[in-house]
Amino acid sequence: MSTDVEAARRKYEDRRRKIQEEEMKERRDGMNLSSGDDDQDVDDMFLTALQRKREKVHRRALLKQVLAPTMNQKEEIERKRKKKEEDKQSEEARKTLLEKHAEIMETQGVIDESERQLMEEEELLDKVTRGGGLLAVAELTKGEKYEEPIVTAWRPPGHIRRQSQEDYEIQRKRLGISCEGDHIPPPIGSFLEMKFPKSLLEFMQKQKGIVTPTAIQIQGIPVALSGRDMIGIASTGSGKTMTFVLPLVMFCLEQEMKLPFMRSEGPFGLIIVPSRELARQIFDLIIEMFDALGKAGLPEMRAGLCIGGVPIGEQAKDVRDGIHIVVATPGRLSDMLTKKIINLEVCRYLVLDEADRMLDMGFEDEIKSIFYFFKAQRQTLLFSATMPRKIQFFAKSALVKPIVVNVGRAGAASLNVLQELEFVRSENKLVRVLECLQKTSPKVLIFAEKKVDVDNIYEYLLVKGVEVASIHGGKDQSDRHAGIEAFRKNEKDVLVATDVASKGLDFQGIEHVINFDMPEDIENYVHRIGRTGRSGRKGLATTFINKKSEMSVLSDLKQLLAEAGQELPEFLKMLAGDEEGTAPAGTNAEKGCAYCSGLGHRITDCPKLAGIGNKTTQALARGGGDDGGF
């Protein structure tokens, strides 16, 4: 209503001004028709009292006509006012909390461009992580929410418990460990103090050459033994597998000694991984540990492998005898759960290894469907070398008071790897691969994006007399397994593979990794070069790039090299330009992209996010395709 009155007043003032201008003009022409009370500069002007009274009445009538509208005018004004209020309420309802906050800040005059950019990024990250997270459908519908973590019987040694929180922080800072969460268990610097049995310690020392724990193991194993949910982030080759396998083996031993597993019972622990090769590698490690414990007179324990490419009947036979641990890929596990070959009624320990990879491949719905089969609270652990904030936010919804253990930056390359870049034309790559093999002694791992390139490299090196094996998603599972085993046992000097071999696989003694082409995103590059320089050893990575390489990935690569203190070649500076994913000025935001961990851009310019819809659709249509998810 106040706005309408103001408009009427302005209209009256305009009309009054016009009347005054007409009066001034008439006065100049010698006509004395209306008043000029306030004009002191005209001495010969005289108005009678009657003239002044008439003009006053006339002005009041004009003002009343403007300020006191008719009934129809009142209704029209009221209708317009209501419509404006409805439009405003509808607009407010569509606004997000971030937009409302931005408006408040703007009205107070304290918002600047950097804060606005940060708000846009947070809103975009909120959109891509919006939803039920990793909660199962049943948990969402029933509203089940566990408030407290699982309690275990394990306790740190007394002399460690008596230390202060300051002592723990000093040790974490010295090792480059950062933790988030409440009531974080203390870091423990030796396997003996973690209370592992002597037979297991001897196995690790004699069979695996492991004497002291790595940084992720020093903090991660106490967290897992305490029963806490965890997100573990550490560079490739830092010992993440041992971090979740050792506690699981001890929990299974404890359960077997209390009450032996009956026929068709189990598993107690479930490990889900994105590829068949990684599943078999973890399964072999668990079997070796079970054998070591069995030789020491401890109860016999059993593990099962559920992966595609193997007849389901063989895997069902292992489960029927009672099983303590299952290592699986998402597709085959979901199939066996649906057919009731496996049940998760007593499963209390869940690991998602390379968790970000599985979600990127489009296995989110399948993992949720697997969670549906859990009958009680579980301890959940997620591990990866590249764990963007997007995945962390998404996963935390399914975790109970999680602890994030981070050694270094998520997505950072291993500092033990010397990274060399070469500008090579497409037609010269095969010849250059042969030349690069002379840089180091075997073993050498060659990665290519396409299956056809893997086959071409394999055939070319075979003709040149090189002892070579190859694996990709188009090969039978038996051929893939035979190729990896021959390479692992030093029967082959070179292995050519797609990214199926880049996630988590641990080959002893890899001296050199050759990237035949630049991967589609920087995460895959970090995982590829992480096959060398493992367990504290040094390694070499050579990458072929040319003008066909994606500019956004090259920009991320440039920043990754700078972060690792590596020398930047001139051609990379020219190709990648000066883009840098720096945080907005004056804010505490992390550098780089929160979606893919690339350092060359922000989330608002993330190429992976822009094309994630098509990529997910193709992965689902492929049914696990090149990574053997089924």
Legend entry - Tally of residues being part of a loop (DSSP other than H, G, I, E, B) and of a type outside the set (A, V, I, L, M, F, W, C) across segment 154-163: 5
Inset, instruction - Being modelled with pLDDT under 90, of a type in the set (A, V, I, L, M, F, W, C) and surrounded by fewer than 23 Cβ atoms within 10 Å (Cβ to Cβ) narrows it down to one of 415, 430, so name that one. - result: 415
Legend entry - Pairs where the first residue, in segment 442-455, is closer than 18 Å to residue 485 by Cα and the second is outside any loop (DSSP other than H, G, I, E, B) and acidic (Asp, Glu), C-beta under 8 Å, 6+ apart: 447/499
Legend entry - Matching option when the condition is touching a Ser or Thr at 6+ places or on another chain (Cβ under 9 Å) and not in a loop (DSSP other than H, G, I, E, B), among 271, 287, 282: 282
Legend entry - Residue satisfying condition, being at positive phi, of a type outside the set (A, V, I, L, M) and either surrounded by fewer than 16 Cβ atoms within 10 Å (Cβ to Cβ) or assigned by TED's automatic domain parsing to the domain that holds residue 260 (or both), within set 317, 340, 295: 340
Legend entry - Boolean, residue 212 is touching a helix residue (DSSP H, G or I) at 6+ places or on another chain (Cβ under 7 Å) and of a type in the set (Val, Ile, Thr): no
Inset, instruction - Out of the residues in segment 443-479 that are of a type in the set (Asp, Glu) and within 30 Å of the chain's Cα centre (by Cα), state the one that is surrounded by the fewest Cβ atoms within 10 Å (Cβ to Cβ). - result: 449
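Let's see how each residue does on (1) out of contact with any helix residue (DSSP H, G or I) (no Cβ under 6 Å at 6 or more places or on another chain); (2) in the same structural domain as residue 368 (by TED's automatic domain parsing); (3) buried (at least 24 other Cβ atoms within 10 Å of the Cβ):
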{"position": "269", "(1), (2), (3)": "no, yes, yes"}
{"position": "278", "(1), (2), (3)": "yes, yes, yes"}
{"position": "283", "(1), (2), (3)": "yes, yes, no"}
{"position": "299", "(1), (2), (3)": "no, yes, no"}
{"position": "305", "(1), (2), (3)": "no, yes, no"}
{"position": "311", "(1), (2), (3)": "yes, yes, no"}
Inset, instruction - Among the residues of segment 415-441, write down those that are free of Cβ contacts under 8 Å to residues at least 24 places away in the same chain and of a type in the set (S, T, N, Q). - result: 428, 438
Legend entry - Qualifying helices (runs of 4 or more DSSP H) (wholly inside segment 164-266; at least 1 residues being at pLDDT 90 or above and closer than 15 Å to residue 381 by Cα): 215-225, 240-258
Legend entry - Matching residues, segment 312-339, being of a type in the set (S, T, N, Q), without any contact (Cβ under 8 Å) to a residue 40 or more places away in the chain and more than 16 Å from residue 287 (Cβ to Cβ): 334, 338
Inset, instruction - Determine whether residue 439 is assigned by TED's automatic domain parsing to the domain that holds residue 518, within 19 Å of residue 529 (Cα to Cα) and surrounded by fewer than 14 Cβ atoms within 10 Å (Cβ to Cβ). - result: yes
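The values are calculated or read from the model by the stated rules, or taken from the named source; none is laboratory data. The structure presented is a predicted model; accordingly, all values stated were derived computationally and were not measured. Note: ideal-geometry Cβ built from the backbone for every residue, glycine included; neighbour counts use all protein chains shown.
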